[in-house]
Amino acid sequence: MDASPQEFDRVLSSMCTRPHPKARAAAERFLADNPGDPATYPAVAELEERAVATLAEVTGLEDPAGYVASGGTEANIQAVRAAREVAASDAPNVVAPESAHFSFNKAADLLGVELRLVPVDDDYRADVDAVGAAVDDDTALVVGVAGTTEFGRVDPIPELGRIADEADACFHVDAAWGGFHLPFTDHDWHFGHAPVDTLTIDPHKVGRAPIPAGGFLARDAETLDRLAVETPYLESTAQATLTGTRSGAGVAGAAAALDAQWPAEYEANHERASENAAYLADELTDRGYGVVEPELPLVAFSLPEAEFDAAREEGWRLSRTGSGEARIVCMPHVTREMLRAFLETLDAARVTGGV
């Protein structure tokens, strides 16, 4: 095999990062264990309980219920599925802002529910009035995002929660990326701040667990029970996960990453990432680029096509938002030195007129 894995020294737009060394070691150790059959594999099942307990602490969940999923897509699909199961309507709908992750499109297609995407406001957050106008008697789920994929914005979670509550709908928060930054901010975003029913938070993003290690959390065990199916040929008799058989690598890696870093290392990472994002935003502004003021450590900015192409030619892994801004996510592997080198690439491209 002559292929080599991606190095991270020029990865700027990905929400994945280098796993923590202890997480990597734990993943290798439990690679063959199957958390999908916890009675047969009790050691990794205990690690999953430990990971869920820590994620509950991160997200203000008093009585932990959940599991280590394959990622945010699975967790978001499960949230839609759980809401559909208790919906009174025969034609349920899900109301979410346009900034919601594309996994909700997948969920709607797979589960046969209507997805109503509503506008965001001028600062890229969910428009509360638009959400309220879209909700009706058939609404099964209202979605808020705590750390949007494109702009790093945090929706007004308590206000969205009240809309869901008044509509007798479930309320889901997608904090897949933002969930390991937000505990160190003054945002209201989790189970302790609003009537949140389900929440997505991914250890394999800022949490530095190995892929795949997402997180699906529910306010109560009954929500997981709605998702369970009988598994008569396994030692375990029921299963609430979507994927069934899972590698113990994700579970063990998530538990190890959380044990090693919560809360001190995660707080230090948040502070470092926020400082890097502020530095980059200032440097880009000084150079005349139009910059979207960062809220969490994600910088989106206008970048001419020639300079974008020049950066890609120099090996920078860079992507754009749906509306065209270049986006840089200050993940744990992104250093000040990397950002300086990237800026040097842009400066050179401006001198030469791009590629």
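See the values below:
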quantity: Angle in degrees between helix 264-286 and the longest Cα principal axis of the chain, rounded to the nearest 10; calculated: 40 degrees
quantity: Helix axis angle, 336-352 relative to the chain longest principal axis, alpha carbon, degrees; calculated: 50 degrees
quantity: Heavy-atom accessible surface of the chain: percent carbon and sulfur, 1.4 Å; calculated: 47 percent
quantity: Inter-site label distance for Asp225 and Asp90 at 7 Å from Cα along Cβ, in nm; calculated: 2.8 nm
quantity: Around Val292: net Lys/Arg minus Asp/Glu count, Cβ-Cβ under 10 Å; calculated: -3
quantity: Dipole magnitude (debye, nearest 20) for the chain, charges at Cβ of Lys, Arg, Asp, Glu; calculated: 1180 debye
quantity: Cβ charges +1 (Lys, Arg) and -1 (Asp, Glu), total dipole of segment 198-355, debye; calculated: 300 debye
quantity: 5 angstrom amide H check on Val11, placed H, neighbours 5+ away; calculated: Arg317
quantity: FRET E, pair Glu235, Lys106, Förster distance 51 Å, beta-carbon r, rounded to 0.05; calculated: 0.95
quantity: Whole-number accessible area per residue in Å² for the chain, which is evaluated in the context of all protein chains at 1.4 Å; calculated: 43 Å²
quantity: Between helix 248-261 and the chain: long-axis angle, C-alpha atoms, 0 to 90°, nearest 10; calculated: 60 degrees
quantity: Net charge over other residues, Cβ less than 14 angstrom from the Cβ of Leu343 (K, R count +1; D, E count -1); calculated: -3
quantity: Surrounding net charge for Ala56, when Lys and Arg each add one and Asp and Glu each subtract one, Cβ distance under 9 Å; calculated: -3
quantity: Selected from Ser247, Gly161, Ala228, residue furthest toward positive end of dipole (the chain; charges at beta carbon); calculated: Ser247
quantity: By average C-beta atoms within 10 angstrom, highest first, the peptides 210-220, 122-132, 229-239, 255-265; calculated: 210-220, 255-265, 122-132, 229-239
quantity: Pairwise label distance in nanometres, Ala260 with Ala25, each label 7 Å out on the Cα-Cβ vector; calculated: 0.8 nm
quantity: Amide N of segment 8-44 lying under 19 Å from the label point, which is placed 7 angstrom from the Cα of Thr352 along Cα→Cβ; calculated: 10
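The values are calculated or read from the model by the stated rules, or taken from the named source; none is laboratory data. Keep in mind that this is a model prediction, so the values were computed, not measured. FYI the Cβ positions are ideal-geometry reconstructions off the backbone, even for glycines, and counts take in every protein chain you see. The accessibility values were calculated without ligands, DNA or RNA, using every heavy atom of the protein model including side chains. Shrake-Rupley method; radii C 1.70, N 1.55, O 1.52, S 1.80 Å.
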